[in-house]
Amino acid sequence: MDAWVRFSAQSQARERLCRAAQYACSLLGHALQRHGASPELQKQIRQLESHLSLGRKHALESAKRAVHLSDVVLRFCITVSHLNRALYFACDNVLWAGKSGLAPRVDQEKWAQRSFRYYLFSLIMNLSRDAYEIRLLMEQESSACSRRLKGSGGGVPGGSETGGLGGPGTPGGGLPQLALKLRLQVLLLARVLRGHPPLLLDVVRNACDLFIPLDKLGLWRCGPGIVGLCGLVSSILSILTLIYPWLRLKP
């Protein structure tokens, strides 16, 4: 109950709930269409989805300032991401004005495409930031494992990080060695993500969100069902970061 009170008191809570309801309606509308529901019911669901989409436009968040970060890569990725997200919300407000009748001459198709391009750039920056942090953590974990092995009197499996099972001229080299290195990297990645839930949650959320602009821009058609499901999952994960702040990736 305390977690819910903290969540409902935050300014972002209404936007996250509206977003979750919007994509839930999108998923429901797709399911009703596939199962032959009446056109009137499908129309009502589409209208509700549109209404929830308009409601989100009033929850515009200001772009966060990240110029004080000492890490150049993080500073660039986070700043550019928030700038593009701010432009995405600005375009959405123009669309809201057009749909609500305040600016009937607005070319809604053009502004929708523009808003999803900004949204896509923002997600690319978010995923780039995630990849950078994963690489740093994997390097730290690899170094820590090497120190533990050396301290215990053992050696790095396979000889060294680059030597492995032998050089190109040895019978054990080649494809088996590459497969072993790939397997070790996957295990290391899984260990890093398991040990850092906020990073794992952020990767999943950004990956789910990525399907939305890709579909809307026609770069990868995945259908309203996938879009609705991905949007709903992403929204639920975002709500979790508000209810449990320790799950929020920082900075």
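The values are calculated or read from the model by the stated rules, or taken from the named source; none is laboratory data. These figures come from a predicted structure and were not determined experimentally. Don't worry about glycine lacking a Cβ; one is built from the backbone with ideal geometry, like all the others, and counts go over all protein chains shown. We work out accessible area using only protein heavy atoms, side chains counted, and drop any ligands, DNA or RNA first. Shrake-Rupley method; radii C 1.70, N 1.55, O 1.52, S 1.80 Å.
Evaluation of G174 against the conditions (1) touching a residue at least 60 places away in the same chain (Cβ under 8 Å); (2) on the phi > 0 side of the Ramachandran plot shows that the sole unmet condition is (1). Identify the single condition in (1) open to solvent by 60 Å² or more (accessible area, probe 1.4 Å); (2) more than 18 Å from S238 (Cα to Cα); (3) within 25 Å of the chain's Cα centre (by Cα); (4) at pLDDT 70 or above that C77 does not satisfy, given that it satisfies every other one. Of (1) open to solvent by 60 Å² or more (accessible area, probe 1.4 Å); (2) more than 18 Å from S238 (Cα to Cα); (3) within 25 Å of the chain's Cα centre (by Cα); (4) at pLDDT 70 or above, only one is false for C77: (1).
Given the condition within 10 Å of the chain's Cα centre (by Cα) and buried (at least 18 other Cβ atoms within 10 Å of the Cβ), answer yes or no: does some residue in the range 175-185 qualify? There is no residue in the range 175-185 that is within 10 Å of the chain's Cα centre (by Cα) and buried (at least 18 other Cβ atoms within 10 Å of the Cβ). Note on the range 199-251: residues that are surrounded by 21 or more Cβ atoms within 10 Å (Cβ to Cβ) and in contact with an Asp or Glu (Cβ under 8 Å, 6 or more places away or on another chain) amount to 6.
For S146, the test of being modelled with pLDDT under 95, open to solvent by less than 30 Å² (accessible area, probe 1.4 Å) and hydroxyl-bearing (S, T, Y) is passed. Quick one: in the range 102-141, of everything that is among the hydrophobic types (A, V, I, L, M, F, W, C) and in contact with a Pro (Cβ under 8 Å, 6 or more places away or on another chain), which residue is farthest from L219 (Cα to Cα)? By that ranking, first place goes to L123.
Among the numbered conditions (1) among the aromatic types (F, W, Y); (2) open to solvent by less than 30 Å² (accessible area, probe 1.4 Å); (3) modelled with pLDDT of 70 or more, the only one that W111 does not meet is (2).
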